[in-house]
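Undergrad: The structure is given below, and queries will be raised subsequently.
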Amino acid sequence: MIQTEKIKLICPVCGKSLERNEKSCFCAKRHSFDIARQGYVNLLPVQNKHSLSPGDTRAMLLARRKFLDKGYYEPIVNDITYAIGQYCKIDAPVAADIGSGEGYYTAKISQKCQTCSVGIDIAKEAAKMACSRDKNILWAVATASHLPIADKSVDLLTAVFSLFVNDEYARVLKNGGVLIEVTAGSEHLIELKKIIYDQVFEQHKQPSPYGKQFKMLVQHNRKFTIHPVCEDLKVLLSMTPHIHRINREQSERIDHIDHMDLTVNYVIRVLQRI
Ligand SMILES: C[S@@+](CC[C@H](N)C(=O)[O-])C[C@H]1O[C@@H](n2cnc3c(N)ncnc32)[C@H](O)[C@@H]1O
C-alpha cells in the first residue's frame with residue numbers, strides 16, 4: 001500500500017498544513033475540505049477559479065480515457081518511467097502529477113515506479129473520474145498556479161501535455177528534485193490536422209523557457225507512428241481542442257478514413273531543481 005501520508009498538503013486558503021482523516025482535510029485555522037464519496041478532495045477555492053467549470057470537459061475526459069486505454073500512447077508512459085528510473089533514484093518518491101486529467105499517466109507512473117502520488121487537476125470531473133484509476137493515489141482538484149503542496153516537499157513533478165508554472169513548480173520541489181515534462185512537438189498529429197484543416201501552418205513548438213531555479217538534465221524530441229482506425233480517430237479528435245475549432249464538414253472528413261498512419265511527436269524534458 002502506497003503511503004499518501006507522505007504528501008504534505010497545505011490549505012489553499014491560508015497556506016497552513018492540512019491534516020487528513022477519512023472524511024476531510026482541515027487546517028489549524030479550521031478551513032475544512034470534504035473528501036468526496038469517490039475519494040478526491042476539492043482544494044480549489046472560488047477565488048482561484050476563473051470559470052464555473054474550469055479545465056477539460058467531461059466529454060473530453062471520457063474521450064481521453066477511451067483513447068488512452070487502447071494503449072496508443074504507451075511508449076510515452078515507458079519514456080517517462082524510464083526517465084524517472086534514471087533521474088529520480090529515490091525509494092517511493094513523493095510525486096505530484098500536475099494536470100493529471102482522468103489519471104492515465106499518474107496511475108501508470110505510480111504503479112510502475114512505486115511513487116507516493118498526488119494527481120492534481122483543475123477540473124472536478126477529472127479528479128472524480130481519476131479515483132477509479134487507482135485508490136492508492138491522492139486525487140485533488142486544484143490549480144497549478146496555487147498548488148496545495150508544501151514548499152520543498154516533492155521529489156518528482158510530472159506534467160504531461162499540461163502546464164509549466166516555473167515558480168510554483170520550483171517552490172514545491174525539493175532541492176535536487178526533478179520535473180519531467182511532456183509537451184506536444186511540432187509534428188504532433190500532423191496528418192490529422194492536414195485532413196481537418198484546409199491550411200496547416202508549420203509550427204516550431206518548444207517547451208516553455210525555465211528560470212534559474214532549474215537546470216536541464218536532458219531534452220529529447222520523440223516521434224513514433226500509430227495506426228488508429230476511423231472510430232479511434234474520432235475519439236482522439238474529441239479529446240483535443242481541435243474538436244471545438246472545426247465545423248461539421250471538417251469533422252466529417254474523418255468518416256471517410258479507414259485508418260491512418262499518424263505521427264505522435266512530443267518533447268520530453270527533465271529539469272532539476274537546484
Ligand atoms: C491536455 S490535458 C492532459 C491530461 C493528462 N496529463 C493526460 O495527458 O492524459 C490537460 C489537463 O490539464 C488540466 N488543467 C488545465 N488548466 C489547469 C490548471 N490551471 N491547473 C491544473 N490543471 C489544469 C485540464 O483540466 C486537463 O485535464
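Undergrad: In the list 82, 73, 87, 40, which residue meets the criterion of being out of contact with any Gly (no Cβ under 8 Å at 6 or more places or on another chain), of a type in the set (Phe, Trp, Tyr) and farther than 30 Å from residue 189 by Cα?
TA: The conditions single out 40.
Undergrad: Oh, and also: Looking at 143, 81, which is the one that is closer than 26 Å to residue 239 by Cβ, buried (at least 23 other Cβ atoms within 10 Å of the Cβ), β-branched (Val, Ile, Thr) and touching a residue at least 12 places away in the same chain (Cβ under 8 Å)?
TA: Exactly one residue qualifies, and that residue is 143.
Undergrad: Also, I was wondering about something else. Name the residues in segment 39-52 that are of a type in the set (S, T, N, Q) and either more than 12 Å from the ligand (Cβ to nearest atom) or not in a helix (DSSP H, G or I) (or both), would you?
TA: Listed by number, the residues that qualify are 42, 47, 51.
Only the coordinates and a few stated rules stand behind these numbers; no lab work does. What you see is a predicted model, and the numbers here were worked out from it, not measured in a lab. Using ideal geometry, Cβ is built from the backbone for each residue, glycine included, and neighbour counts are taken over all protein chains shown.
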